[in-house]
Amino acid sequence: MGRLTDEQLILDHRAGLPGAMDQLLVRYQDRVHQFVRWRTGVGQTEAEDLAQDVFLQVFQSAASFDGRSRFRTWLYAVAGHVCSRWLWDVSRRRAWIVAGVSEGAAALEVSDLQPNALEALQCQERDQTVRAAVGALANSQRIVLLLRDWEDLTYEEMAVVLEVPVGTIKSRIHHARLNLARRLAPVLGREAEA
Amino acid sequence: MSCPWDTAELSALLDGELAEPQAGQVRKHLDRCPECRHTYSQLEQARSAFYSTQPEAVSADFTRRVVEAVGVAEGGGRARVRWLAGVAAIAAVVVLYVAWPLESGQQLVADRARGTSRPVAVVAPPSVDPCGVPMRCVDLDISMRPGARTGEETPGLRLALNSPGMM
C-alpha cells in the first residue's frame, strides 16, 4: 500500500480514523514550526505553542477543507493567519507600552523577536555555513524559500498564504536566492573549484 | 550588471513558473548572455543549498501534546453538545408538564356537568373584546377532583383553551 496523500489523511481524520492526524503531524510539524518561527521571530518554545495553535485549528476545522486547494496550501494559510493574529496582538501591546498604558514595562524590542541568526548547530561545516547564511536572511525572504523549496508551493499558492501579490512573491524569491548565493559565495566557489 | 534583462525572470524560470513563449525567450537569452548564465547558476546553487537544509525539529513530545490538545478541544465540544441536549430535554419536560392539563373547554364543561370537577376558582375573560370581536380565551380552573384510583379529592389545575360563547 502506497503512502497516503495529505488530502486522504485529512479525510480519514474527518472520518474519525485513528492515526491520520499523527501522520500529518509527523509530516509537517517541523516545517510548520519553522515557518511560524520565521514568520513571527519568536523563540523555539513560543513557536511550538503557535504551531500547536495552527494544528489545533487545522484538525478542528478539518470539515471546512473543501479540497479545492492542496492540503499544504490550506495548512500554511491557517499558519499564516495564526502568525498574523499573533503579530497584530504584539503590535497592539507595543502600542500600549509606548503610549505608557503599561508603565514600567520594558518596551518590546524588535531585536528580541529576531531568531539568533548564527545559532549553534551541530552539523558539518558546510551545513553550518548554509544555515548561518539562511539565518542571516530577512524572515520574509526565508519564508518564501521555505514555501517554495521545502513545500513546493507555486507562486500563486504562496501569494494566497502570505496575502501578497504574485509579483511580490516572484521578486522576494529572487532576491532571497541572490542574497543567499552572495553569502555562500566562498563555500560555493570552493566546491566549484573542487 | 550590464545586462538590462530582468533577472527575476531567471528565478521564475528555475521554478517552472514561466509559461511559453516567455520561458523560451528567457532560455534563448541565457544562451547568448554569459552574465545571466552565471546568475542563473548562482540561483540554482542557492536553491540547492537551501533545499539541503533541514528545519529545526520540534520537541520530542510535540506530537503527543497536539494530539492531546485536539482531544481535549473535541471533548469540550462534545460536552457542550451534551449540555445543550440536557437543557433541551428539561425544556421538553417543562413544556409537556404545562401542556398536559390543557384540555378542550368542552371537556371541562362536561366534567363540571358530571360533577367530577368542582371549581374552586374560574378565571374567564370576556369572550368578546371591547370592540365586539369574538376572542379565544383561556380558562384557569383550579378544582378539587376525585383521584382516579382512590376517589379522594385532590387539587387540580386545568388550563382550557376556550372558544367564544363556551362559558
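The values are calculated or read from the model by the stated rules, or taken from the named source; none is laboratory data. A quick note: this is a predicted structure, and the numbers were derived from the prediction, not measured. All Cβ positions, glycine included, derive from the backbone under ideal geometry; neighbour counts span all protein chains shown.
Tell me, which residue of the stretch B:1-54 that is among the polar types (S, T, N, Q) and in contact (Cβ under 8 Å) with a residue 12 or more places away in the chain is nearest to the other protein chains (Cβ to nearest Cβ)? Walk me through how you get there before you give the answer.
Narrowing the stretch B:1-54 to residues among the polar types (S, T, N, Q): B:2, B:7, B:11, B:22, B:25, B:39, B:41-42, B:45, B:48, B:52-54.
Filter again for in contact (Cβ under 8 Å) with a residue 12 or more places away in the chain, leaving B:2, B:7, B:11, B:22, B:39.
On the way: B:Ser2: 16, B:Thr7: 7, B:Ser11: 4, B:Gln22: 12, B:Thr39: 8 Å.
Top of the filtered list is B:Ser11.
How about the stretch A:74-88: which of its residues are under 14 Å from A:Asp152 (Cα atoms) and more than 12 Å from the chain's Cα centre (by Cα)?
A:Trp74
Of the conditions (1) surrounded by 15 or more Cβ atoms within 10 Å (Cβ to Cβ); (2) under 24 Å from A:Arg37 (Cβ atoms); (3) at pLDDT below 90, A:Phe65 clears all except one; give me its number.
(2)
Kindly indicate whether A:Asp53 is within 14 Å of chain B (Cβ to nearest Cβ), under 23 Å from B:Gly71 (Cα atoms) and free of Cβ contacts under 8 Å to residues at least 12 places away in the same chain. Step through it out loud before you land on a result.
Working: within 14 Å of chain B (Cβ to nearest Cβ): yes; under 23 Å from B:Gly71 (Cα atoms): yes; free of Cβ contacts under 8 Å to residues at least 12 places away in the same chain: no.
Here the answer is no, as A:Asp53 does not meet what is asked.
Being charged (D, E, K, R), surrounded by fewer than 16 Cβ atoms within 10 Å (Cβ to Cβ) and touching a Leu at 6+ places or on another chain (Cβ under 8 Å) narrows it down to one of B:Arg47, B:Arg32, B:Arg37, so name that one.
That would be B:Arg37, the only listed residue that is charged (D, E, K, R), surrounded by fewer than 16 Cβ atoms within 10 Å (Cβ to Cβ) and touching a Leu at 6+ places or on another chain (Cβ under 8 Å).
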